[in-house]
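Notes to accompany the following structure.
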Amino acid sequence: MADEMSRSAQRETSAASSTAAVAAENAKLKSKSIWPSVLRWIPTSTDKIIAAEKRLLSLVKTPYVQERVNIGSGPPGSKVRWFRSESNEERCINTVSFDSKEGSPTLVMIHGYGASQGFFFRNFDALASRFRVIAIDQLGWGGSSRPDFTCKSTEETEAWFIDSFEEWRKAKNLSNFILLGHSFASRARSAFDFSGACWVFIESDTKFQWVTQFKATWKGAIFNHLWESNFTPQKLVRGLGPLGPNLVRSYTSTRFGSYSTGTTLTEEESGLLTDYVYHTLAAKASGELCLKYIFSFGAFARSPLIHSAQEWKVPTTFIYGYLDWMNYQGAQEAGKHMKVPCEIIRVPEAGHFVFIDQPDRFHSAVLYACRRFLSPDTDVESLPEGLTSA
């Protein structure tokens, strides 16, 4: 289990290591924010992201600490792989840590593409009752620093995220933990030898054939060109300026409301999530620009995790919603190449955001996946009702 430090010592260490970096970044933000927010074309800032995060997490009952962990400006004495910016200013990873029972196993939660740690707002209370939960915004996302993204290859891009996560891990003094990553974040999982419970994306042949046929059409050619030009959904939100919040509101109310694949959001949840999502999407482009280097058109991984499955060294659990656009059969294929235990859990009436669509069933799936850390007798436990195994 992870080495446990006292909460007061953690906070003092964090404050000492990050104060200078946070102060410098806040000063930089203020120097750029000459105009009142109501007069800006894109009415957002890092301060607004953190404020929106705080409002969204007001729905969570478990006490937590929010901090921006200083990860420096690059590994000392080496070429900076995860930064690749002309600036030498230090960077910070936005982190929230929830109160937990002493001795609880540590669960680190990482969001997927286009999201931030606040997307787990429906899960923090339930998981914090059994784990020491820590959730982060990846470098270039949410309330974390947003350095210029200048990576030019898949290898550089993966290093950008993995190395920054490693610097964060060392700053937090974490050694053993369960890594829970959604979708794109599972790529960080593949680089470490820690205990793992995660979702991953591996494409299916059927979908590949459909995308290949679509790319051959004039519409497909246009969309493929936009993809290769790194035209991200976030650019559309920024381009709409003060109308951007309306587009985001339409998306969240539709995806998690009228067309929800599971339990719909309450009016309060929808409003707070919409506000939070807008500010995280409209802020400076950084991590989002990884899109064309990590995925080809159609969201196919340029470097599929199945190619490295045989190198994984810890037990892994894949969790899929029944209606997820990602195909669980890819995980079945990966399991054939893995030399460690692998299991696949499917959640009915849930889509890609299984943790929002069916939070209770998702929690059951996570607890089952982590049963060897939570129960002294795992042999007698059966798959929880409402879930199926693939």
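Provide the net charge surrounding SER389, with neighbours chosen by a C-beta distance below 9 Å and charges set as Lys +1, Arg +1, Asp -1, Glu -1. Taking every Cβ under 9 Å from that of SER389, the sum is 0.
Between LEU59 and LEU247, residue separation times 0.36 nm minus the direct Cα-Cα distance comes to 65.3 nm. Evaluated on segment 91-135, the Kirkwood hydrodynamic radius is 11.1 Å, with distances taken between all distinct Cα atoms. Taking the charge dipole of segment 224-328 about its Cα centre, with +1 at Lys and Arg Cβ atoms and -1 at Asp and Glu Cβ atoms, the residue from LEU289, LEU273, TRP312 reaching farthest to the positive side is LEU289. Calculated accessible area for segment 207-278 comes out at 59 Å² per residue, all protein chains present (probe 1.4 Å; ligands, DNA, RNA ignored).
Electrostatic bookkeeping for HIS225 treats Lys and Arg as +1 and Asp and Glu as -1; over the other residues with beta carbon under 12 Å from its beta carbon, the sum is +2. For the peptides 130-140, 283-293, residues were scored by their other Cβ atoms within 10 Å and the scores averaged per peptide; the highest-first order is 130-140, 283-293.
Expressed as a whole percent, the proportion of Cα-Cα pairs in segment 252-328 lying more than 14 Å apart is 77%. When you count the other C-beta atoms within 10 angstrom of each residue and take the mean per peptide, 99-112, 269-282, 58-71 line up highest first as 269-282, 99-112, 58-71.
The Cβ shell under 12 Å around GLY271 holds other residues with a net charge of -2, Lys and Arg each +1, Asp and Glu each -1. Between the listed residues GLY181, LEU127, THR95, the Cα displaced farthest toward the positive end of the dipole of segment 84-187, a dipole computed from Cβ unit charges relative to the Cα centre, is found at LEU127.
As a length-normalised measure over Cα pairs under 8 Å and 6 or more apart, the relative contact order of segment 252-377 settles at 24 percent. Let me make sure I get this right: for segment 222-360, a, b and c are the square roots of the gyration tensor eigenvalues over alpha carbons, sorted descending. Under 1.5 in a/c it's rounded, otherwise prolate if a/b > b/c, else oblate. Which is it? In terms of gyration-tensor shape, oblate. Students often get this wrong, so check it: of LYS61/LYS101; LYS292/LYS339; LYS170/LYS284; LYS152/LYS172; LYS152/LYS339; LYS101/LYS172, which have C-alpha atoms separated by over 23 Å? Exceeds cut-off: LYS292/LYS339; LYS170/LYS284; LYS152/LYS172; LYS152/LYS339.
The values are calculated or read from the model by the stated rules, or taken from the named source; none is laboratory data. Values in this document were obtained by computation on a predicted structure and should not be read as measured data. Using ideal geometry, Cβ is built from the backbone for each residue, glycine included, and neighbour counts are taken over all protein chains shown. The area values use the complete protein model at the heavy-atom level, side chains included, leaving out ligands, DNA and RNA. Shrake-Rupley method; radii C 1.70, N 1.55, O 1.52, S 1.80 Å.
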